[in-house]
Amino acid sequence: MSFHVLETKIAGLEGSYHQISDRMSSIDRRLEGFDARFQRTDAKIDALQWRMTSLILASWVTLMVATLLRH
């Protein structure tokens, strides 16, 4: 195999590795975007959970007070 043919094949492999690297970087950026989105969604769920717990507790207290005052 001549040096020129080997050099051409190596250049082709280097180009392929560069494309793979670019694609992997793109995938990493997209995954980081998903991670940030999940963190925001998680924070919203936590806030809603506390609101719901507060509403349930307030409803229970109101029911207990109404029950005690009725008798």
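The values are calculated or read from the model by the stated rules, or taken from the named source; none is laboratory data. Not measured: the values here are computed from a predicted model. For accessibility, only protein heavy atoms count, side chains too; no ligands or nucleic acids. Shrake-Rupley method; radii C 1.70, N 1.55, O 1.52, S 1.80 Å.
Data table
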| item | result |
| --- | --- |
| For the range 58-70, Karplus couplings with θ = phi - 60° (6.51, -1.76, 1.60), whole Hz, Gly/Pro x | 5, 5, 5, 4, 4, 5, 5, 5, 4, 5, 5, 6, 6 |
| Added length on full extension, which subtracts the Cα-Cα distance from 0.36 nm per residue, residue 64 to residue 3 | 12.9 nm |
| Of all accessible heavy-atom area on the chain, the percent that carbon and sulfur account for (1.4 Å) | 66 percent |
| log10 of Debye I(q)/I(0), alpha-carbon scatterers only, for the chain at 0.18, 0.27 Å⁻¹ | -0.84, -1.06 |
| Computed accessible area, residue 56, all protein chains, 1.4 angstrom probe, square angstrom | 110 Å² |
